[in-house]
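> Input: one structure, supplied below.
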Amino acid sequence: MPASPTPPQPSRIAGADGLVLTEDHLFNLVDAAAPVTSFTRPPAPGQRLVAVGAGVVLAVFRSELEDNEPHVELEHWSFAPPEPEGDWEVHTEERLTVEAGRLTLASGVNALPAPHQLTVPPGRYRLGVWCQGRTEARAVELDAIDTGRFPQGIERWMVRLWPDR
């Protein structure tokens with residue numbers, strides 16, 4: 001009896017990470033090269049972690065705090081990735097379509113760009129989202145407001161894209 005083929009192993013193709021500004025609890029995943037005519041902004045996610053759209057704004061993420069700068073890792077994978085290491089408080093998965101593939105993160109109201117830049121081929125993707133540090137962020141929120149600075153890097157996000165096969 002012939003051996004069954006070994007399934008392909010997922011590999012991380014590319015990634016970018018850094019801080020992103022949240023405004024009114026929100027930050028966005030943006031396809032900066034998508035045509036504006038195909039723009040369908042996702043609704044605010046409410047109590048969910050993320051809501052997906054199409055065109056320019058691919059996803060809107062809901063941070064625990066109204067204003068802060070969470071650390072976000074944005075990754076492109078060849079296949080469904082393994083669970084990220086660490087103690088993640090919440091996780092969700094969605095489907096989306098990337099029209100052009102020049103991805104970045106931006107603040108949720110004024111669309112102020114973050115340093116994240118990731119290029120992926122156009123197509124259908126799965127979007128895996130994990131978050132941790134939400135409880136710690138709430139605990140330091142009042143102290144940060146008193147000092148006039150947003151909490152930075154306390155809330156951590158892992159955002160992974162892989163082809164939807």
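> Once R0 is set to 41 Å, what does the formula 1/(1 + (r/R0)^6) return for the Cβ-Cβ distance between ARG165 and LEU142, expressed as a FRET efficiency to the nearest 0.05? Write down the numbers at each step before the final one.
On the way: r = 46 Å, r/R0 = 1.12.
The computed FRET efficiency comes out at 0.35.
> Moving to a separate point now. Hey, any idea what % of the chain's accessible area is carbon plus sulfur with a 1.4 Å probe?
53
> Right, here's the next one. Just the projected area, averaged over all directions, of the convex hull on the alpha carbon atoms of the stretch 1-90: how many nm²?
For the Cα atoms of the stretch 1-90, the hull's average projected area reads 9.0 nm².
> Then there's this: Quick one: which residues, 5+ away or cross-chain, put their amide H under 5 Å from the amide H of ILE13? H built at 1.01 Å from N.
The list, which skips near neighbours in sequence, is HIS76, TRP77, SER78.
> Hey, could you get me the Stokes-Einstein D for the stretch 48-102, Kirkwood radius over alpha-carbon pairs, 4 °C and 1.567 mPa s, rounded to whole µm² s⁻¹?
95
> Using alpha-carbon positions, what is the distance between the centroids of the stretch 66-127 and the stretch 6-61, in Å?
Computed from Cα coordinates, the inter-centre distance equals 5 Å.
> Here is a further query. Read through the labelled values (1) 8.6; (2) 9.4; (3) 10.8 and report the label of the one computed as mean projected area of the Cα convex hull in nm² from the structure.
Looking at mean projected area of the Cα convex hull in nm² for this model, the match is (3).
> I've got another one for you. Sum -39500 (n - 2.57) across every DSSP H segment of at least 4 residues in the chain, then divide by the residue count to get the 222 nm mean residue ellipticity, nearest 500.
Working: 1 runs with 14 residues, N = 165.
One gets -2500 deg cm²/dmol as the mean residue ellipticity at 222 nm.
> Helix 134-147 versus the longest principal axis of the chain: what is the Cα-based angle in degrees, 0 to 90, to the nearest 10?
Tilt relative to the chain: about 30 degrees.
> Can you work out the FRET efficiency for the pair VAL109 and ALA14, with r the C-beta to C-beta distance and R0 = 30 Å, to the nearest 0.05? The partial results should precede the final answer.
Working: r = 28 Å, r/R0 = 0.93.
It comes to 0.60.
> Same structure again: Who wins for biggest fluctuation among SER107, SER11, SER63 in a Gaussian network model of the chain, springs between alpha carbons below 10 Å?
Among SER107, SER11, SER63, the largest GNM mean-square fluctuation belongs to SER11.
> If you wrap the stretch 97-165's Cα atoms in a convex hull and average its projection over all directions, what's the area in nm²?
Here the figure is 5.9 nm², rounded to one decimal.
> What does the accessible area per residue of the stretch 56-142 come to in Å², with a 1.4 Å probe and no ligands, DNA or RNA counted? Intermediate results must be reported in sequence, preceding the final value.
Values: 4000 Å² over 87 residues.
Dividing the accessible area of the stretch 56-142 by its residue count gives 46 Å².
The values are calculated or read from the model by the stated rules, or taken from the named source; none is laboratory data. Keep in mind the model is a prediction, meaning the values are calculated, not measured. Glycine gets a Cβ as well: all are built from the backbone with ideal geometry, and neighbour counts include every protein chain shown. With ligands, DNA and RNA removed, areas are computed over all heavy atoms of the protein, side chains included. Shrake-Rupley method; radii C 1.70, N 1.55, O 1.52, S 1.80 Å.
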